[in-house]
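Report on the following structure.
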Amino acid sequence: MEPAELFRRYDHNPLFTFRQMPYPCHSVFNTGATLLPSGETLLLLRVEDLEGRSHLTVARSEDGVTDWRIEDRPLLHPDDGDPYEAYGCEDARITRLEEEDAWVIAYTAYSPYGAGVALAKTRDWKTVERLGLMLAPNNKDAAVFPRKIRGKYWMLHRPVAGSLEHIWLTDSPDLRHWGSPYCIIKERGGPFWDGRKVGANTPPIETPEGWLILYHGVKQMPGGPTYRMGAAMLDLEDPRRLIARLPHWILAPHEWYEVTGDVPNVVFACGAVERGDEIHLYYGAADTYICLAYAKTADLLDALLAHKVNSRVPAGVSY
């Protein structure tokens, strides 16, 4: 294990390839994840079909590792009739919202208009209510916080502004109307591993110390971009305040399944679940496979608290 890597890989990665799917497809990667009340792990797989478009399909496992039961039809498909999804439904992040008695799915709606942020809700993982496009293109990497803060829902997202791709916050009273944009984690530029762009990976994880944010950073290499994962922490009651940010990555592409595939040199997580004192991370590798890695929550928090930052919300910025 590399010194900077706080996650350890599952010994039998990849966890999923296209060969596990019950219907023909090209690849499976970048999956959302959640724990069901039964204790089962549910994944919402991004599946690229034989035309090149992506859809989202449910898989379940009692232990989150073996004996996956995969649905034989997608939960969300670009042929369902939404024009903003005509090119694909991609990269779902799943958040359980107790206030709604439902799970909310934040995903990328891809179409001739570009890539935008869409939301949907489900209570049974058999039917889904599309809430629609929430943030116009180009914008993606959205993840909803698992509870209201000061009476509002909050969401991470990553708009594109020219060559700038930072992580932003937005809030909403009802999951449908989003505003109050605030930039929270910036790409660092220069030679840094997260210098070219950053974006949220999994939904925020609530800990006693703050909101644990797992994010991806990109560095442009001579052979193409390299995607690695890092960590930051936001204040529990004011997520606009950055508490800590690790200067180094916590997971990087090293194994054959991470450096070889449709997009080489990529680790990219959309889902994680907490089991006991560990975080189980389900990540896409090289835009071709789904893999699994583990980390102790305490190890991540200890590392972050050693790298606190002095962040303040500017005067005049209000909810």
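Every number here is computed from the coordinates shown, using simple stated rules; none is lab data. The model shown is predicted, which means the values in this text are computed figures rather than measured ones. Positions of Cβ are backbone-derived with ideal geometry, glycine not excepted, and every protein chain shown enters the neighbour counts.
Out of 43, 242, 164, any idea which swings most in a Gaussian network model of the chain, alpha carbons joined below 10 Å?
Checking each option, the largest mean-square fluctuation is seen for 164.
Under a GNM of the chain (C-alpha, springs under 10 Å), which listed residue has the highest mean-square fluctuation: 253, 225, 159?
In this elastic network of the chain, the residue with the biggest mean-square fluctuation among 253, 225, 159 is 225.
How many percent of Cα pairs in segment 35-182 exceed 24 Å?
Result: 33 percent of Cα pairs exceed 24 Å.
Using +1 at the C-beta of Lys and Arg and -1 at the C-beta of Asp and Glu, which of 57, 92, 137 has the Cα lying farthest in the positive direction of the dipole of segment 46-151?
Of the listed residues, the answer is 137.
For the pairs 121/152; 148/296; 140/296, note any where the Cα-Cα span goes beyond 22 Å.
148/296; 140/296
Rank 54, 180, 172 by mean-square fluctuation in a GNM of the chain with C-alpha springs under 10 angstrom and give only the top-ranked residue.
180
If you average the C-alpha positions of segment 56-109 and of segment 164-195 separately, how far apart do those two centres end up, in angstrom?
23 Å
Please list, short to long, the whole-number percent of alpha-carbon pairs of segment 253-294 in consecutive 5 angstrom bins beginning at zero.
Result, from short to long distances: 7, 28, 27, 17, 11, 7, 2 percent.
Using a Förster distance of 41 angstrom, determine the FRET efficiency expected from the C-beta separation of residue 136 and residue 101, and round it to 0.05.
Approximately 0.90, to the nearest 0.05.
Compute the length gained on full extension between residue 73 and residue 10: take 0.36 nm times their separation in residues and subtract their Cα-Cα distance, giving the result in nm to one decimal.
19.9 nm
Once Lys and Arg get +1 and Asp and Glu get -1 on their Cβ, which of 266, 282, 246 lies farthest toward the positive end of the dipole of segment 235-295?
Final value for the positive-end residue is 246.
With n ≥ 4 as the cut-off for DSSP H runs, can you work out [θ] at 222 nm for the chain, using -39500 (n - 2.57) per run divided by the number of residues, rounded to the nearest 500?
Computed mean residue ellipticity for the chain: -1000 deg cm²/dmol.
Expressed as a whole percent, how much of the Cα-Cα distance distribution for the chain exceeds 28 Å?
The proportion of pairs with Cα distances above 28 Å equals 33 percent.
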